[in-house]
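The values are calculated or read from the model by the stated rules, or taken from the named source; none is laboratory data. The model shown is predicted, which means the values in this text are computed figures rather than measured ones. Using ideal geometry, Cβ is built from the backbone for each residue, glycine included, and neighbour counts are taken over all protein chains shown.
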Amino acid sequence: MLQLNKRYSGDGGIPGYLMLSLLPNDYTLPRVQAALAHECNHNVRFQFIKWNQQTTLADWVVSEGLAESFAAELYGKELIGSWVTSTSSEQLEEIKPIISSQLQLTGMAEMAPYLYGDEIAEIQGQILVGMPYAAGYAYGYHLIQAYLKKTGKSIIAATVTPTEEILEATKDFWK
């Protein structure tokens with residue numbers, strides 16, 4: 001999976017801890033700070049938004065979009081992760097209605113294919129749903145960019161905004 005992620009990935013889902021895995025090279029090393037900022041944003045959000053068995057795909061894509069938007073604001077859009085940049089604008093338009101129709105899903109096994117895409121779902125032995133690599137991350141990033149533009153909120157304020165409030169303000173994004 002590290003190869004799909006261009007040789008780096010992270011985890012910030014446990015408040016107080018950040019994890020970063022990478023193969024150091026000319027591509028990954030400049031992205032360390034942005035990747036850690038992404039994971040740090042999760043740490044902050046998860047202090048306000050509690051995760052449990054009822055956590056939805058909507059919560060997940062919003063959280064990933066907030067985290068990558070935070071990293072982009074701090075370190076520049078040129079360091080956005082491949083989990084966002086590998087989805088073309090054409091693919092984004094194709095996946096938006098599909099992911100939007102599944103936002104109520106709960107359970108990691110059900111949500112993961114929409115979040116990570118079919119390549120990773122296949123590696124993990126999960127169902128395939130026709131999603132490109134990291135589709136939910138790209139969807140979340142562009143959803144949050146639309147939210148920030150529409151509301152004028154800072155990424156810091158948005159980070160602690162409930163998912164439902166973000167979705168309500170971005171209904172036009174899904175169309």
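Computed quantities for the displayed model
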quantity: Qualifying residue in region 1-20 (condition: surrounded by fewer than 17 Cβ atoms within 10 Å (Cβ to Cβ), farther than 30 Å from Ser101 by Cβ, at pLDDT 85 or above and among the charged types (D, E, K, R)); calculated: no
quantity: Qualifying residue in region 54-69 (condition: under 26 Å from Ser154 (Cα atoms), in a loop (DSSP other than H, G, I, E, B) and not polar (S, T, N, Q)); calculated: no
quantity: Search result, residues across region 111-128 that are in a helix (DSSP H, G or I), in contact (Cβ under 8 Å) with a residue 12 or more places away in the chain and either of a type outside the set (A, V, I, L, M, F, W, C) or more than 24 Å from Asn52 (Cα to Cα) (or both); calculated: Pro113, Tyr114, Tyr116, Asp118, Glu119, Ile123
quantity: Sole residue being under 14 Å from the mean Cα position of the chain (by Cα), within 25 Å of Ala37 (Cβ to Cβ), at pLDDT below 95 and surrounded by 23 or more Cβ atoms within 10 Å (Cβ to Cβ), chosen from Gly140, Gly117; calculated: Gly117
quantity: Neighbours by Cβ (under 7 Å, 6+ apart or cross-chain): first from region 60-78, more than 14 Å from Leu115 (Cα to Cα) and of a type in the set (Ser, Thr, Tyr); second at pLDDT below 95 and assigned to a helix (DSSP H, G or I); calculated: Tyr75/Gln33; Tyr75/Ala34; Tyr75/Ala37
quantity: Count of region 22-55 residues which are touching a Ser or Thr at 6+ places or on another chain (Cβ under 8 Å) and of a type in the set (S, T, N, Q); calculated: 4
